[in-house]
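All remarks here apply to the structure that follows.
The values are calculated or read from the model by the stated rules, or taken from the named source; none is laboratory data. Remember, predicted model here, so these are calculated numbers, not experimental data. FYI the Cβ positions are ideal-geometry reconstructions off the backbone, even for glycines, and counts take in every protein chain you see.
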2 protein chains.
Amino acid sequence: MAKMKGFRKLTNVAEALQIALKECSRVRVGTEMVSAECALGRMLAEDVIAQHDVPPYDRAAVDGYAIRSEEAFSASQSNPAIFRIVGVAEAGGGRKRVGPGEAAEIYTGAVMPEGADAVSMAEDCEREGDEVRVLRAVAKYANVSRCGEDIKKGEVVFRKGHVLKAWDIGVLLSIRMREVAVKTRPKVAVISTGSELVEISDPRALDETSLVDSTRPMIKALLAKAGCDVVDGGIVHDEIEAIRDRISNLAAQADLIITIGGTSVGGKDLVPDAVGGVQGSRLIFHGIAAKPGKPLGFGIFMGRPLFMLPGYPVSALVGYECIIKPMIASLTGTPAKEREKVKARLTRRVPTTPGVRHFLRVVLEREGEWIKAKPIALTGSGLLSSVAKADGLVIVGEDKEGLEEGEVVEVELLGD
Amino acid sequence: MAKMKGFRKLTNVAEALQIALKECSRVRVGTEMVSAECALGRMLAEDVIAQHDVPPYDRAAVDGYAIRSEEAFSASQSNPAIFRIVGVAEAGGGRKRVGPGEAAEIYTGAVMPEGADAVSMAEDCEREGDEVRVLRAVAKYANVSRCGEDIKKGEVVFRKGHVLKAWDIGVLLSIRMREVAVKTRPKVAVISTGSELVEISDPRALDETSLVDSTRPMIKALLAKAGCDVVDGGIVHDEIEAIRDRISNLAAQADLIITIGGTSVGGKDLVPDAVGGVQGSRLIFHGIAAKPGKPLGFGIFMGRPLFMLPGYPVSALVGYECIIKPMIASLTGTPAKEREKVKARLTRRVPTTPGVRHFLRVVLEREGEWIKAKPIALTGSGLLSSVAKADGLVIVGEDKEGLEEGEVVEVELLGD
């Protein structure tokens, strides 16, 4: 029997992540121009400097009458300042002009008429035909949104590395930027290995005993959601040469490569072995102290980081969550949101192995004041339904020797 | 002066949301078939029933030797059961057969050979040439993942209304579902009104005094992110007839309509007025007790819910967050994640009006043990940079009469 089980040394989860982050910090993602309207969630590749003032002109901040403030600086109820109304200024209506002793009816957002430098609010005025009586003193620029008040021309509006939010899109357009330079999305290639696997689109998927590849579509969905540009590498058979060729092809196109399966097949470590002997390639670790998730490997293939996920979907998911997700977040600049957590009481004892991080799937049930966490019975990490049926995850640290019945645990809710 | 300011009655924010949710509960989104691989985040329109067992056959859960358990039920170190090895069973390698007294070398994931009903783990065996000695008793189905153990044929795997997560995609493929029936994405039309506005792609956007529409692209980005199918209604001039025509056209294509601007223009309520007099249309409320955000309206236009957002970007954003976002979440079945919150001390007094919900943009700074929240000075809700520059939002309830300097407030972080 080639090698019935086991890895020479299991790497601690935290250490594995550190190694992956360090190696991936060398990944250089490119820069591309995208339309500002489509830049949500993208990371700026350059500082954004305003080429225009916002607002682009002085405008009325309220409805009222635009006047020369010096003509109403001492206006009051008993000593009103009287103006002749010469027009109406509305948003989009073009620029008006008021001369001495004149006022323009003005509405919020309208360009301030030439000659006017303040707006007397409607409630401080009395109108009679073509005349308006201003009953309250008005200071220079009162009720005027000044040109450049929001953003000044030449101002650095966003720094390089900033990840654009929805309102930032609004800001970019308000300074009339049509396109912005952003970092390209990390290009991630995903390959499944396994002679037993078929694609869902393959006619053989209809055979009663066929095994449809379900792990790769799950990982692809997770990557797309995390903002990656996914390169689908398909399924490759359990042959070292075929695996090596497929990875080589993908290494030329992608920033990172993820293989699924082939880390412990028929006693052979096909993918780790495929990495060996290739120029610029090396295996950095193989096997992490996680349950499920142990057969995870990581290396460099032709200069590209290569994650080797186990084929079993739950193990692959744990590997993705622990190592790949935080690594992608570091590349896109968008830290993954932490899951919501609740405290619950465990309904039964769960033995765990010290030194290994355990990922326990639990179903939650309310019981009076408390929430109960029922561990889902498991026979193998192939059982994806254990995740789909679970409400949450209990992560048992390496320092624990099992959890007791009734113990209060923190449950991460499996929102998405 | 037509109507210088004011709304007949301001609707409380909570009440406005209740009204919108109630009216929108009548929206009937359709059903469509999508490829299971692309169904992440979609809401199931039907129960999903497994048409196949998972796993589709009995398979080895460990590496070892496949045998007939009855031949090793009393095996022990001192009384080993001896088998002749007749082959190797690997994942994807086709089904083998073992007869009485025979064993097959087997690897995790391989189909159980015909005749075998248990796997003796490699570490409980000693091999010598073509023979293997089993040193430990083996029960029926020991170390075998049974056919249907994960999911049974006929089982309801997901209920109608369930929103698909990444691992659910894996589950769908493992039961060999190529397509699933999901609810269509809510179709939301967005129109800007405003004679002063130009598109960023319009050559007039280069004029120093042009005002590029920035609110509509921001709202479109928010809607797309929330899982809507956005119908872009463009910009329409400040004319009641033109607005009414544009909304009518869009009402035929969309489930919901959002207008931006035209709720309080030049003293005229263009959009609310456009709703009047149209068959099947009515204004339900106009003006909410929010600052910024007051000029929000809601009604029904030709049977479709119509949200009237103010044109100023910050007001529009508040309206989106308070009313539209929770409403979209109710349609897509994906509750918007709550923002992360931190406690901070306010650096200065902020007056607020009782009965009005205030949305205060603050910048956070660490000061020793504490976090300080500095309110951003505001002159108007046109200042989108007040949101872009802010770290968080303090929501001041209707029961408050301002916040005191040094008061501890809850700050919602503006993550996205």
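Can you tell me which residue within the stretch A:113-129, out of those that are assigned to a loop (DSSP other than H, G, I, E, B) and at pLDDT 95 or above, is surrounded by the fewest Cβ atoms within 10 Å (Cβ to Cβ)?
Initial filter on the stretch A:113-129 (assigned to a loop (DSSP other than H, G, I, E, B)): A:113, A:115-117, A:129.
Retained after the next criterion (residues that are at pLDDT 95 or above): A:113, A:115-117.
On the way: A:PRO113: 24, A:GLY115: 15, A:ALA116: 24, A:ASP117: 19.
The extreme case among them is A:GLY115.
Among what's in the stretch B:1-36 and is surrounded by 14 or more Cβ atoms within 10 Å (Cβ to Cβ) and of a type in the set (Ser, Thr, Tyr), pick the residue that is modelled with the lowest pLDDT.
B:THR11
Within the set of pairs 6 or more residues apart or between chains, which connect a residue that is basic (Lys, Arg) inside the stretch B:156-183 to a residue that is at pLDDT 95 or above and assigned to a helix (DSSP H, G or I) with Cβ atoms less than 7 Å apart?
B:ARG178/B:ALA36
Within the stretch B:369-378, does at least one residue satisfy the condition of being in contact with a Phe, Trp or Tyr (Cβ under 9 Å, 6 or more places away or on another chain), under 25 Å from A:VAL171 (Cβ atoms) and in a loop (DSSP other than H, G, I, E, B)?
The answer is no; no qualifying residue exists.
Residues of the stretch A:184-220 being facing chain B (nearest Cβ under 10 Å) and aliphatic (A, V, I, L, M), which ones?
Selection gives A:LEU197, A:VAL198, A:ILE200, A:ALA205, A:LEU206, A:LEU211, A:VAL212, A:MET218, A:ILE219.
Restricting to the stretch B:87-112, count the residues that are buried (at least 24 other Cβ atoms within 10 Å of the Cβ) and either in contact with a Leu (Cβ under 8 Å, 6 or more places away or on another chain) or of a type in the set (Gly, Ala, Ser) (or both).
So the count comes out to 5.
Which residue, of B:ILE243, B:ILE257, B:ILE247, is touching a helix residue (DSSP H, G or I) at 6+ places or on another chain (Cβ under 7 Å) and within 14 Å of chain A (Cβ to nearest Cβ)?
Going through B:ILE243, B:ILE257, B:ILE247 in turn, just one is touching a helix residue (DSSP H, G or I) at 6+ places or on another chain (Cβ under 7 Å) and within 14 Å of chain A (Cβ to nearest Cβ): B:ILE243.
In contact with a Gly (Cβ under 7 Å, 6 or more places away or on another chain) and either touching a residue at least 60 places away in the same chain (Cβ under 8 Å) or in a strand (DSSP E or B) (or both): which single residue out of B:GLY234, B:GLY280, B:GLY227, B:GLY319 fits that description?
Only one candidate passes the filter, namely B:GLY227.
Please find, among A:SER195, A:SER201, the residue that is in contact with a Gly (Cβ under 8 Å, 6 or more places away or on another chain), small (Gly, Ala, Ser), in the same structural domain as A:MET218 (by TED's automatic domain parsing) and more than 30 Å from A:ARG59 (Cβ to Cβ).
After ruling out the rest, the residue left standing is A:SER195.
Go through (1) of a type in the set (A, V, I, L, M); (2) more than 23 Å from the chain's Cα centre (by Cα); (3) more than 13 Å from chain A (Cβ to nearest Cβ); (4) surrounded by 19 or more Cβ atoms within 10 Å (Cβ to Cβ) one by one and return the number of the condition B:ILE323 breaks.
(2)
Within the stretch A:221-240, take every residue that is within 25 Å of B:ALA91 (Cβ to Cβ) and facing chain B (nearest Cβ under 9 Å) and give me the one that is surrounded by the most Cβ atoms within 10 Å (Cβ to Cβ).
A:LEU222
Just need a number here: residues in the stretch A:180-204 that are out of contact with any His (no Cβ under 7 Å at 6 or more places or on another chain) and farther than 24 Å from A:ALA329 by Cα.
Number of matching residues: 11.
Within the stretch B:254-268, is even one residue closer than 22 Å to B:GLU15 by Cβ, in contact with a Phe, Trp or Tyr (Cβ under 7 Å, 6 or more places away or on another chain), assigned by TED's automatic domain parsing to the domain that holds B:PRO313 and assigned to a loop (DSSP other than H, G, I, E, B)?
No - not one qualifying residue is present in the stretch B:254-268.
Pull up the stretch B:322-346, narrow it to residues that are in a loop (DSSP other than H, G, I, E, B) and either in contact (Cβ under 8 Å) with a residue 60 or more places away in the chain or out of contact with any Gly (no Cβ under 8 Å at 6 or more places or on another chain) (or both), then point me to the one that is nearest to B:GLU23 (Cα to Cα).
Initially, the stretch B:322-346 is screened for residues in a loop (DSSP other than H, G, I, E, B), giving B:333-340.
Now narrow it down to the ones that are either in contact (Cβ under 8 Å) with a residue 60 or more places away in the chain or out of contact with any Gly (no Cβ under 8 Å at 6 or more places or on another chain) (or both): B:333-336, B:338-340.
Numbers: B:GLY333: 16, B:THR334: 19, B:PRO335: 18, B:ALA336: 20, B:GLU338: 24, B:ARG339: 26, B:GLU340: 30 Å.
Per the criteria, the residue is B:GLY333.
Any idea which of A:LEU360, A:LEU364 is of a type in the set (A, V, I, L, M, F, W, C), farther than 23 Å from A:ALA16 by Cα and either part of a strand (DSSP E or B) or touching a helix residue (DSSP H, G or I) at 6+ places or on another chain (Cβ under 7 Å) (or both)?
Residue meeting the stated conditions: A:LEU364.
Being in a loop (DSSP other than H, G, I, E, B) and within 23 Å of the chain's Cα centre (by Cα) is the filter here; which residues of the stretch B:142-185 pass it?
Of the residues in the stretch B:142-185, the ones in a loop (DSSP other than H, G, I, E, B) are B:142-143, B:146-150, B:152-155, B:159-162, B:164-165, B:175-178, B:184-185.
B:ARG159, B:LYS160, B:GLY161, B:HIS162, B:LEU164, B:LYS165, B:MET177, B:ARG178, B:THR184, B:ARG185 - these are the residues of the stretch B:142-185 that are in a loop (DSSP other than H, G, I, E, B) and within 23 Å of the chain's Cα centre (by Cα).
A:GLU196 is checked against (1) within 20 Å of A:ILE258 (Cβ to Cβ); (2) under 17 Å from the mean Cα position of the chain (by Cα); (3) crowded, with 19+ Cβ neighbours inside 10 Å and fails just one. What number does that condition carry?
(2)
With the requirement that a residue be within 12 Å of another protein chain (Cβ to nearest Cβ) and either assigned to a loop (DSSP other than H, G, I, E, B) or polar (S, T, N, Q) (or both), what does the stretch A:130-141 give you?
The one that is within 12 Å of another protein chain (Cβ to nearest Cβ) and either assigned to a loop (DSSP other than H, G, I, E, B) or polar (S, T, N, Q) (or both): A:TYR141.
Report, by residue number, each residue of the stretch B:172-183 that is within 12 Å of chain A (Cβ to nearest Cβ) and either touching a helix residue (DSSP H, G or I) at 6+ places or on another chain (Cβ under 9 Å) or at positive phi (or both).
B:LEU172, B:LEU173, B:SER174, B:ARG176, B:MET177, B:ARG178, B:GLU179, B:VAL180
Among the residues of the stretch B:58-86, what is the count of those that are over 13 Å from B:CYS125 (Cβ atoms), buried (at least 18 other Cβ atoms within 10 Å of the Cβ) and modelled with pLDDT under 95?
Here the count works out to 4.
Please work out which residue is surrounded by the fewest Cβ atoms within 10 Å (Cβ to Cβ), limiting yourself to the stretch B:271-293 and to residues that are in contact with a strand residue (DSSP E or B) (Cβ under 6 Å, 6 or more places away or on another chain) and under 20 Å from A:THR108 (Cα atoms).
If we take residues in the stretch B:271-293 being in contact with a strand residue (DSSP E or B) (Cβ under 6 Å, 6 or more places away or on another chain) and under 20 Å from A:THR108 (Cα atoms), then B:LYS291 is surrounded by the fewest Cβ atoms within 10 Å (Cβ to Cβ).
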